[in-house]
1. Counting alpha carbon pairs within less than 8 Å and at least 6 residues apart, what relative contact order, in whole percent, applies to the chain?
2. 7 Å from Cα along Cα→Cβ at both GLU82 and HIS95: what's the point-to-point distance in nm?
3. Using only the Cα atoms of the stretch 11-113, what do you get for the radius of gyration and for Dmax, in Å?
4. Just LEU22, LEU45, LEU61 to compare: in a GNM of the chain, with alpha carbon springs under 10 Å, which one fluctuates most?
5. So what's the net charge close to PRO30: Lys and Arg +1, Asp and Glu -1, counting the other residues with Cβ under 10 Å from its Cβ?
6. Which value at 222 nm does the chain reach when only helices count, each DSSP H run of 4 or more adding -39,500 (n - 2.57), with the total divided by all residues and rounded to the nearest 500 deg cm²/dmol?
7. If amide H atoms are built 1.01 Å from N in the plane of the peptide, which residues on other chains or at least 5 residues away come under 5 Å of the amide H of CYS38?
8. Please give me, ordered by residue number, the trypsin sites (Lys or Arg not before Pro) of the stretch 24-113 that lie in loop per DSSP and have at most 13 other Cβ atoms within 10 Å.
Amino acid sequence: MTWTEEQRTAHDQKWAEIEQTLTPIAMENPVDVYRAFCNVLWVPLTHPAQTYNDVATSDPLGFATSWRYSGGMVAEWRDKGEGYMDFYCSGGEGHVSDEVRAAMLKIGMRPVT
């Protein structure tokens, strides 16, 4: 699927908001942020999806990452010289902590598993 310029812009703006929201949590609890993007799709509160399979990963309204990408994302946000392997397969993949859930809800996103 090819996104329109408007969809790409909306996606990029929301991703920047997610990064800004979750980076402070990643600094203290990096594995919580890593886990929350493994086997979890984040969608707007108003999105009709009830299960992970209800949303194509190419949907510009949904945010999902691979385990490797999730680990790399956390490492990049922390900027402490870590790599994806510092978080990859650390256990609990797919678990969304209360702290991460609350932060994402504040910016209008909910998890779908």
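1. Relative contact order comes out at 37 percent.
2. Distance between label points: 1.6 nm.
3. 12.6, 39
4. Fluctuation is largest for LEU45.
5. -1
6. After summing the helix terms and dividing by residue count, I get -14500 deg cm²/dmol.
7. GLY94
8. Those satisfying the criteria are LYS80.
Every number in this text was worked out from the coordinates using simple rules, so none of it is lab data. This one's a predicted model, so the numbers in the text were calculated from it and none came from an experiment. Cβ atoms come from the backbone with ideal geometry, glycine included; neighbour counts cover every protein chain shown.
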